Amino acid sequence: MAPAGPPRRGYGPARPACRTVTVVADQMWRVVAVYRIVTLGYAAFLVTRDHGFYARPALAFAALGFMAAWTAVMIVAYARPAGRSPGIIAADVLVAAGMVLSTRLIEPAARIAAGAPTLPGYWSAAPVLACAVAGGPVAGMAGAAVIAAADVAERHALPQSTFGNAVLLFIAGGVGGYVVRLGLRAEEAVARVARQEAAIAERERIARGIHDSVLQVLALVSSRGTALGGEAAELGRLAAEQEAALRTLVSGAPLSVVPGASPKNTSRRGASRWGASP
């Protein structure tokens, strides 16, 4: 017989459920990455379309290049759990706020006053989503507050468009963070139930193994007792009765007991016959 290995921790079916939580979190970070890429494309469209109206068009394209580079850096960083630290997420928020403020260096004051969109546009909301995924609604709303403050500082006013953007930021950070936390708690509950079911299944498997061993012993005693005859035949008959009762119990079928007799009484009769105390 091969030597027993180290005790196995946990149960096989539970491990995929444990990984489910991590997979779901990774999928949420991928959503943030996709949003960042899509909004970067929209910002590039706006810069290309409106560069003729800019006071410093070269600076606008330089800022767009920096946004593209930062997008790549953040996608790579957020792809790993180590890259989702509070420091990196805070830097992401500050960079987005800085890009919003850079609009004043690129757009003429007249266009800003007329309500022209900021240079990054919706791209600046990506760090808010990152805060929501990483820290829940509180962190999401904190990130939204920073970006909204940058929007107000960029315009030196709070027109209807800026107010509406701020509301959307707080909705994305607060409600989005709440939905993320709710989804993660649901996945953790599913994983916990899966672990419990796996533990029950493992105990049932072990119990069936023990029952099989006992049934084999009872069958051997029954056959040997019948072959030996005499009092051994009576012991074999009792073993056969116990084997039948145990097989019925393991199979889940209703256990039929002869009136006035039970497995316990049967075992007592066998024990008294052989001179043993029950």
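Of note:
Per-residue answers, yes or no, for (1) of a type outside the set (A, V, I, L, M, F, W, C); (2) surrounded by fewer than 16 Cβ atoms within 10 Å (Cβ to Cβ); (3) under 16 Å from SER102 (Cα atoms):
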{"residue": "ILE147", "(1), (2), (3)": "no, no, yes"}
{"residue": "VAL167", "(1), (2), (3)": "no, yes, no"}
{"residue": "GLY173", "(1), (2), (3)": "yes, no, no"}
{"residue": "GLY176", "(1), (2), (3)": "yes, no, no"}
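- The one condition in (1) of a type in the set (D, E, K, R); (2) more than 55 Å from the chain's Cα centre (by Cα); (3) modelled with pLDDT under 70 that ARG224 fails to fulfil: (3)
- No other residue among GLY115, GLY135, GLY164 is at pLDDT below 90, in a loop (DSSP other than H, G, I, E, B) and in the same structural domain as VAL32 (by TED's automatic domain parsing) apart from GLY115.
- Condition check for ALA144: within 30 Å of TYR54 (Cα to Cα), free of Cβ contacts under 8 Å to residues at least 40 places away in the same chain and either assigned to a helix (DSSP H, G or I) or in contact with a Leu (Cβ under 7 Å, 6 or more places away or on another chain) (or both): yes
The values are calculated or read from the model by the stated rules, or taken from the named source; none is laboratory data. Bear in mind the structure is a predicted one, so any value in this text is a computation, not a measurement. Ideal geometry is used to build each Cβ from the backbone, glycine not excepted, and the neighbour counts take in all protein chains shown.
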